[in-house]
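Below: the structure, in structure tokens.
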Amino acid sequence: MEVFTTISAIRSWLECHRKDADSIGFVPTMGALHEGHLELVRRSVKENDVTVVSIFVNPIQFNNKEDLAKYPRTLDTDLEMLRAAGCHAVFAPSAEEMYPEEVKEQYIFGPLETVMEGAFRPGHFHGVAVVVRRLFDIVEPARAYFGEKDYQQLRIIQALVKQLGLGVEIIPCPIVREADGLAMSSRNQRLSLPERAVAPVIHDTLSKVREMSREKTVEYLVNYATDRLNGVPGMSVEYFSIARTSDLQPLQHWPEPPEPCAAFVAVNLGRIRLIDNMMLYS
Ligand code: PAF
């Protein structure tokens, strides 16, 4: 497995593979890898000749300085895990390499970016779109793999690809969970033992909402879930939203005729922010 830190080095390595008409699969990450990331990597390895993973803690997508400073950085372990998963090349640039000048790009995603993560983390999706676009320009993958835990991010990336006519196929991959249901996330490493012990209630609440989604109103379920999560010591709900998957706008009533819907949640558990989601019956 090759490890590159400069754009020119990875570009020339990829050039040789492109000459051989190899298909390139790409998994963008911020490191602190877990089984969820490795699933994306394994899938890319299966579906492409060459798999590239980027590891870059993107400063411009953090609206909270403490979150950026404390984001786990575990490069040596990440590289070992990627080698074992069959990854061919890692791109781990510095912030100066990715942002040698002031960022001038502007992307507009309309209603998709004004709700949920977009409403609570101003500038977040702009930062994600800027870095993903730059990474796509560098790697020029045939396919790029994104986890459905960050569902709104996935939809923003799909919109970016469509808007700019980028020739990258976006492959959504299912959420990977711990045995007790907690969605895997690099932030889980920062939970204290008591926080980790109560964190599975997020998945449990989503599952209960899903079970009740045919019988109860949207309003009842949002209140039920919000109260249940707020009742957990140390946990406070930022949002709990039931939305159509097509536009992510919060629903007041179940759509008629039925359309695919999901429940989306963000909570703060102590100082750690966790998100999760689940498809519902509608
Ligand atoms: O999901 C992430 O880890 C990041 O938002 C991404 C897509 C790597 C962009 O920095």
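None of the figures in this text is laboratory data; all of them are computed from the coordinates on show. In this text the structure is predicted, and so the values were computed from the model without any measurement. No Cβ is skipped: glycine too gets one built from the backbone with ideal geometry, and neighbour counts run over all protein chains shown.
What does the charge count near LEU251 come to, summing +1 for each Lys or Arg and -1 for each Asp or Glu among other residues with Cβ under 12 Å from its Cβ?
That sum, taken over residues with Cβ under 12 Å, equals -3.
How far is it, in nm, from the label point at GLU256 to the one at VAL3 when both lie 7 Å from their Cα along the line to the Cβ?
6.0
Beyond 20 Å, what share of the Cα-Cα pairs of segment 209-282 remains, rounded to the nearest whole percent?
Here the tail beyond 20 Å accounts for 28 percent of pairs.
Considering the Cα trace of segment 1-157, what is its radius of gyration and what is Dmax, both in angstroms?
15.4, 45
Output wanted: per-residue J couplings in Hz (rounded whole) for segment 93-109, from phi through Karplus 6.51 cos²θ - 1.76 cosθ + 1.60, θ = phi - 60°, x for Gly and Pro.
x, 7, 5, 5, 5, 7, 10, x, 9, 4, 6, 10, 4, 10, 10, 10, 10
Let me have the 222 nm mean residue ellipticity of the chain computed from DSSP H runs of 4+ only, each contributing -39500 (n - 2.57), with the sum over all residues rounded to the nearest 500.
-11500 deg cm²/dmol
GNM, the chain, Cα, under 10 Å: largest mean-square fluctuation among VAL232, VAL265, VAL209?
With Cα springs under 10 Å in the chain, the top fluctuation among VAL232, VAL265, VAL209 is at VAL232.
Report the gain in length on full extension from LYS19 to ALA197: 0.36 nm times residue separation, minus Cα-Cα distance, nm rounded to one decimal.
59.0 nm
Enumerate lysine pairs in segment 1-157 that are 8 or more residues apart or on different chains, then count those whose Cα atoms are under 30 Å apart.
Qualifying lysine pairs in segment 1-157: 7.
Considering the Cα trace of the chain, what is its radius of gyration and what is Dmax, both in angstroms?
19.2, 58
Can you work out the FRET efficiency for the pair ARG73 and GLU211, with r the C-beta to C-beta distance and R0 = 51 Å, to the nearest 0.05?
Approximately 0.85, to the nearest 0.05.
Can you tell which of VAL132, VAL232, MET184 lies farthest toward the positive end of the dipole of segment 115-269, using +1 and -1 charges on the Cβ of basic and acidic side chains (Lys, Arg; Asp, Glu)?
VAL132
Stretched out fully, how many nm does the piece from LYS65 to ARG177 gain, at 0.36 nm a residue minus the Cα gap?
Result: 37.6 nm gained on full extension.
Note down the relative contact order for the chain as a percent, whole number, built from C-alpha pairs under 8 angstrom at least six residues apart.
17 percent.
Can you list residues whose amide H is under 5 Å from PHE56's amide H, if they're 5+ apart or on another chain and H is modeled 1.01 Å from N?
THR29, MET30, GLY31
Show log10 I(q)/I(0) for segment 64-107 at q = 0.13 Å⁻¹, two decimals, from a solvent-free Debye sum over equal Cα scatterers.
With one equal scatterer per Cα and no solvent, log10 I(q)/I(0) is -0.50.
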